[in-house]
Amino acid sequence: MNYSEAVMDHFTNPRNVGEIENASGCGTVGNAVCGDIMRVYLDIDDDGIIQDAKFKTFGCGAAIATSSMATVLVKGKTVQQALEVTNKAVMEALDGLPPVKVHCSLLAEEAIHAALWDYAEKNGIMIEGLEKPVSDISEHDHGHDIDDEDED
Ligand code: FES
């Protein structure tokens, strides 16, 4: 499969890997077909600016590259601007993805949306244009880590 240099860069050297403790918003999404899972944490200040974004992805190389790029793109943006970080925007920033990997970028967009949804719910606000992604599995995995280090 032919990947762009940017995809290879974000796959081998992903940005913003990790967790944010007491995140303003945290969302987990999964693709039932390939089984890949992404979790995004957002730190959002009182002005609605995304100060920090981190992710954990259990998935393919393109899933890692797209979640890395998605977190890079939403940092410093307002919640409203973050909605413009669509899977298309993520793919463009990565100089494209092979057709069979387009759904990975969609998962990255949905992970951002799930984290924003969580933030909106926690604060009792509505974010115009935001819908809860159907792939949101946040509610099913509370208290569990993707890598479940402390449970064996
Ligand atoms: Fe499904 Fe990449 S193969 S997210």
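ARG15: touching a residue at least 60 places away in the same chain (Cβ under 8 Å) and either in a loop (DSSP other than H, G, I, E, B) or of a type in the set (Lys, Arg) (or both), yes or no? It is false that ARG15 is touching a residue at least 60 places away in the same chain (Cβ under 8 Å) and either in a loop (DSSP other than H, G, I, E, B) or of a type in the set (Lys, Arg) (or both).
Selection of region 36-64 for residues being part of a strand (DSSP E or B) and of a type in the set (Asp, Glu) yields ASP43, ASP52. Would you check if there is a residue in region 79-95 being in contact (Cβ under 8 Å) with a residue 40 or more places away in the chain, surrounded by 16 or more Cβ atoms within 10 Å (Cβ to Cβ) and within 16 Å of the ligand (Cβ to nearest atom)? Checking region 79-95: at least one residue is in contact (Cβ under 8 Å) with a residue 40 or more places away in the chain, surrounded by 16 or more Cβ atoms within 10 Å (Cβ to Cβ) and within 16 Å of the ligand (Cβ to nearest atom). For region 61-72, the candidate set comprises residues that are over 12 Å from MET8 (Cα atoms) and not β-branched (Val, Ile, Thr); within that set, the residue that is nearest to the ligand (Cβ to nearest atom) is SER67. Annotation: GLU5 fulfils all but one of (1) at pLDDT 95 or above; (2) within 16 Å of the ligand (Cβ to nearest atom); (3) under 20 Å from PRO99 (Cβ atoms); the unmet one is (2).
In region 86-134, which residues are among the hydroxyl-bearing types (Ser, Thr, Tyr) and farther than 18 Å from CYS60 by Cα? Please lay out each step first, then the result.
If we filter region 86-134 for residues that are among the hydroxyl-bearing types (Ser, Thr, Tyr), which is where we start, we get 86, 105, 119.
Result: THR86, TYR119.
Residues that are within 16 Å of the ligand (Cβ to nearest atom), of a type outside the set (Val, Ile, Thr) and in contact with a Lys or Arg (Cβ under 9 Å, 6 or more places away or on another chain) within region 38-60 comprise MET38, ARG39, PHE55, LYS56, PHE58, CYS60, listed in sequence order. For region 73-110, the set of residues classified as out of contact with any Asp or Glu (no Cβ under 8 Å at 6 or more places or on another chain), farther than 17 Å from ASP9 by Cβ and part of a helix (DSSP H, G or I) consists of VAL74, VAL79, GLN81, ALA82, LYS88, ALA89, PRO99, VAL100, VAL102, HIS103, LEU106, GLU109, listed by residue number.
Scanning region 59-78 for residues that are under 24 Å from GLU121 (Cβ atoms) and either of a type in the set (A, V, I, L, M) or surrounded by fewer than 20 Cβ atoms within 10 Å (Cβ to Cβ) (or both) yields ALA70, LEU73, VAL74, LYS75, GLY76, LYS77, THR78.
Could you check how many residues of region 96-116 are surrounded by fewer than 17 Cβ atoms within 10 Å (Cβ to Cβ) and more than 16 Å from the ligand (Cβ to nearest atom)? Residues flagged as surrounded by fewer than 17 Cβ atoms within 10 Å (Cβ to Cβ) and more than 16 Å from the ligand (Cβ to nearest atom) within region 96-116 amount to 0. Does ALA108 satisfy the condition of being small (Gly, Ala, Ser) and touching a residue at least 24 places away in the same chain (Cβ under 8 Å)? Here the answer is yes, as ALA108 does meet what is asked. Of all residues assigned to region 19-35, at least one qualifies as being of a type in the set (Val, Ile, Thr), over 22 Å from ASP95 (Cα atoms), assigned to a loop (DSSP other than H, G, I, E, B) and more than 14 Å from the ligand (Cβ to nearest atom).
The values are calculated or read from the model by the stated rules, or taken from the named source; none is laboratory data. All figures in this text were calculated on a predicted structure; none of them were measured in a lab. No Cβ is skipped: glycine too gets one built from the backbone with ideal geometry, and neighbour counts run over all protein chains shown.
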